[in-house]
Amino acid sequence: MAGIFKPGYTALITGGASGIGLALAKKCRASGMKVLVADWNEESLASAPSATGSGGSLETFKIDVGKLDEWTKLKTKVDEIFGGKINLLALNAGVGRKTPWEDVSAFQYVLSTNLFGVIHGISTFLPASKAAAAEGKAAIVITGSKQGITNPPGTSPAYNASKAAVKSLAEQLAYDLRAGGPSVHLLVPGWTFTGLTKGAGGAKPAGAWWPEQVVDYLEKKMDEEKFYVICPDNDVTEETDKKRMLWSVGDIIEGRPPLSRWREDWKDKAQEWMDKQKV
């Protein structure tokens, strides 16, 4: 979708007050777009106008994306400042939390934001995106995760599940819009130095990308009209990502136990296969 970053175009970015969302807002403003950043963190929202530089305009809106009634209020704001048309709809809000199997509330918290935040965004603003596409260009960017594709075991099965569901929704949406309307893109960042990943702070690890690098890569893939935007980082190449995904699918095809790449009796076989694989 070449040319989505264009003067006068509009952008709504959830989770836009920090990390990748903030970097995307910065690019939009630098392109002369009208930007509305929606986020739950009041402190981050307050600093967003200065943090995103100059160029186009920027307004902010506090929202809990997991609450449908708050999307109704956001729609009123969008109708007011954008005339009901959104050229770039970025559904980027996300949270991470440890989710022990016994803690249902933790699952509800993660799924409410990561999954229903996307569902609410699509149901509320798909008409506005279609309206913008009818007059020019429009795109919907949905932020997923590699954890929603390869499903690595760890401390947050809810996060993996939410991002797997987001991938499925984005694929369905792209299929439904295949005949025309806004383009759809699934943004899958690699290791990125953001508020969600850096914890208490400190220097950026050498292997991680800056959020701005992710946004530049997104723009490149959008210009190439790619749906899957699987970002590498300074440690993991595009080729390595492909091998990991192929092995994960192989668990089903080959009848291996689930998540075999991380199992003691399979991980050496998995690594040997990936070392030999050409993709």
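List, in order, the whole-Hz ³J(HN,Hα) value for each residue of segment 155-166 obtained from phi through the Karplus relation with A = 6.51, B = -1.76, C = 1.60 and θ = phi - 60°; use x for Gly and Pro.
Whole-Hz 3J(HN,Hα) from phi for segment 155-166: 9, 9, x, 5, 5, 4, 5, 5, 6, 5, 5, 4.
Assigning unit charges at the beta carbon (Lys, Arg +1; Asp, Glu -1) and nothing else, what dipole magnitude in debye, to the nearest 20, does the chain show about its Cα centre?
Once rounded to the nearest 20, the dipole reads 280 debye.
For Thr60, what residues show an amide H to amide H distance below 5 Å, using hydrogens built from the backbone and excluding near sequence neighbours?
Val37
To the nearest 500 deg cm²/dmol, what mean residue ellipticity at 222 nm is calculated for the chain from DSSP H runs of n ≥ 4 alone, each contributing -39,500 (n - 2.57), summed and divided by the residues?
Calculated mean residue ellipticity at 222 nm is -15000 deg cm²/dmol.
Summarise the long-distance tail of P(r) for segment 237-279 by giving the % of C-alpha pairs beyond 16 Å.
28
Quick one: which of Lys130/Lys226; Lys6/Lys26; Lys242/Lys276; Lys167/Lys243; Lys77/Lys163 span more than 25 angstrom between C-alpha atoms?
Lys77/Lys163
Just how far, in whole angstrom, is segment 214-279 from segment 8-46 if you go by their alpha carbon centroids?
30
Compute a Gaussian network model of the chain, connecting alpha carbons closer than 10 Å, and tell me which residue from Ala25, Ala161, Ala93 fluctuates the most.
Ala161
Using a Gaussian network model on the chain with a 10 Å cutoff between Cα atoms, which of Ala128, Ala203, Ala23 fluctuates the most?
Between Ala128, Ala203, Ala23, it is Ala203 that shows the largest mean-square fluctuation.
Of the residues Thr194, Thr76, Thr99, which exhibits the maximal mean-square fluctuation in a Gaussian network model of the chain defined by a 10 Å Cα contact cut-off?
Largest GNM mean-square fluctuation: Thr76.
Report the net charge of residues surrounding Cys231, where surrounding means a beta-carbon distance below 11 angstrom and charges are Lys +1, Arg +1, Asp -1, Glu -1.
Spelling it out: positives minus negatives among the neighbours equals -1.
Every number in this text was worked out from the coordinates using simple rules, so none of it is lab data. Every value quoted in this text rests on a predicted model; they were computed, and no experiment measured them. Please note: Cβ atoms are built from the backbone with ideal geometry, for glycine as well, and neighbour counts cover all protein chains shown.
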